[in-house]
Amino acid sequence: MKKSIFFIIISISFLLPKTGEAQLNEDKLGAWYMYFFNTTFKESPWGIQGDIQVRNWNLGGDLEQLLLRGGLTFKPQSADIKFTLGYGNVTTGAYGTDNSTTTENRIYQEALFPVQLGNRVYTKHRFRLEQRFVENLDFRTRYRYNLFINIPLNKVVMDKNTIYLASYNELFINGQRNIGNGNTVEIFDRNRFYIAMGYIIKKGLNLQLGVMNQTTDNWSKNQFQISFHHTF
């Protein structure tokens, strides 16, 4: 247990702000506040899931993004996999004192399946395809792969009162380079690495506190994250 806590502290310390200056202040810790929900329609294979996220360039007040997302899910009885067809609305703010925003409408499809390794390592693999309609830019697509890992620390199973280590790494790849109005992007869009402590408050309700490092082709920045994960 002591070794696990030591590993968590050391890992998070690598993500904390460093000294230096940039046009976008990469050393200022941002913050993401998030609520994820997931439910099924009684005993059917159908359900819904989604999330509400308020993302800030700082700890609060300088809006990076407001993301509202939800989708219809289907989980076949013959396989441990969940498919989602969803829609997202994203309002993106400029960094600093500029109050301008950009609106994006997004359609997405994803497949999510779990793989347990041994008795204590719970992983999930998520593949997501996005169709993006960004204000004043051309239609574009994006491919995403996320590997989630949860490791319970004070118990073997993930149930009530479990404290666990949560981590993920997500890679984003752009489907097009030319995005309109003379603008181009790289094939590599961004990567997100996250590490956190989680606590299962009760069945279907988890709380996570952690730090995520987001690296794009132009900048790298750390975000403190608070997230609630609600299954009902």
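The values are calculated or read from the model by the stated rules, or taken from the named source; none is laboratory data. Keep in mind that what you see is a predicted model, and the values were worked out from it rather than measured. Because the Cβ atoms are built from the backbone with ideal geometry, glycine has one as well, and the counts that use them run over all protein chains shown.
Scanning region 97-110 for residues that are surrounded by fewer than 16 Cβ atoms within 10 Å (Cβ to Cβ) and either at pLDDT 95 or above or among the hydroxyl-bearing types (Ser, Thr, Tyr) (or both) turns up THR97, SER100, THR101, THR102, THR103, ASN105, ILE107, GLN109. Of all residues in region 139-180, those satisfying the criterion of being over 18 Å from GLY88 (Cβ atoms) and charged (D, E, K, R) are LYS155, ASP159, LYS160, ARG177. Scanning region 184-198 for residues that are surrounded by 14 or more Cβ atoms within 10 Å (Cβ to Cβ) and either charged (D, E, K, R) or under 20 Å from the mean Cα position of the chain (by Cα) (or both) returns ASP189, ARG190, ASN191, ARG192, PHE193, TYR194, ILE195, ALA196, MET197, GLY198. Screening ASN181 against (1) more than 22 Å from LEU112 (Cα to Cα); (2) within 22 Å of the chain's Cα centre (by Cα) leaves a single unmet condition, (2).
In contact with a Gly (Cβ under 8 Å, 6 or more places away or on another chain) and without any contact (Cβ under 8 Å) to a residue 12 or more places away in the chain: which single residue out of SER78, SER100 fits that description?
That would be SER100, the only listed residue that is in contact with a Gly (Cβ under 8 Å, 6 or more places away or on another chain) and without any contact (Cβ under 8 Å) to a residue 12 or more places away in the chain.
Looking only at region 152-191, which residues are under 26 Å from LYS221 (Cβ atoms), among the hydrophobic types (A, V, I, L, M, F, W, C) and assigned to a strand (DSSP E or B)? The answer is LEU165, ALA166, LEU171, PHE172, ILE173, ILE179, PHE188.
Looking across ARG120, ARG126, one residue alone is at pLDDT below 95 and not hydrophobic (A, V, I, L, M, F, W, C). It is ARG120.
Per the listing GLU110, GLU104, the residue uniquely more than 28 Å from ILE201 (Cα to Cα) and acidic (Asp, Glu) is GLU104. Screening region 26-72 for residues that are exposed (fewer than 15 other Cβ atoms within 10 Å of the Cβ) and within 16 Å of ASN206 (Cβ to Cβ) and picking the one that is farthest from the chain's Cα centre (by Cα) gives THR39. Residues that are acidic (Asp, Glu) and either in contact (Cβ under 8 Å) with a residue 40 or more places away in the chain or surrounded by 13 or more Cβ atoms within 10 Å (Cβ to Cβ) (or both) were ranked within region 126-153; the one that is nearest to MET212 (Cα to Cα) is GLU130. I'd like to check something: does region 208-219 contain any residue that is under 20 Å from LEU147 (Cα atoms), touching a residue at least 24 places away in the same chain (Cβ under 8 Å) and touching a Gly at 6+ places or on another chain (Cβ under 6 Å)? Within region 208-219, one or more residues are under 20 Å from LEU147 (Cα atoms), touching a residue at least 24 places away in the same chain (Cβ under 8 Å) and touching a Gly at 6+ places or on another chain (Cβ under 6 Å).
Which one is surrounded by the fewest Cβ atoms within 10 Å (Cβ to Cβ), of the residues in region 111-125 that are touching a residue at least 24 places away in the same chain (Cβ under 8 Å) and outside any strand (DSSP E or B)?
Filtering region 111-125 down to residues touching a residue at least 24 places away in the same chain (Cβ under 8 Å) leaves 111-114, 119-124.
Within this subset, residues satisfying the condition of being outside any strand (DSSP E or B) are 119-120.
Working: ASN119: 9, ARG120: 16.
Ranking the candidates gives ASN119 first.
Here VAL156 passes the criteria (1) out of contact with any helix residue (DSSP H, G or I) (no Cβ under 8 Å at 6 or more places or on another chain); (2) more than 30 Å from THR101 (Cα to Cα); (3) surrounded by 14 or more Cβ atoms within 10 Å (Cβ to Cβ); (4) among the hydrophobic types (A, V, I, L, M, F, W, C) except the one numbered (3).
Counting residues that are of a type in the set (Ser, Thr, Tyr) and either at pLDDT 95 or above or out of contact with any Cys (no Cβ under 7 Å at 6 or more places or on another chain) (or both), which strands (runs of 3 or more DSSP E) fully inside region 1-91 reach at least 3? Steps first, answer last, please.
Values: elements: 30-40, 46-56, 63-74.
Here the list reads 30-40.
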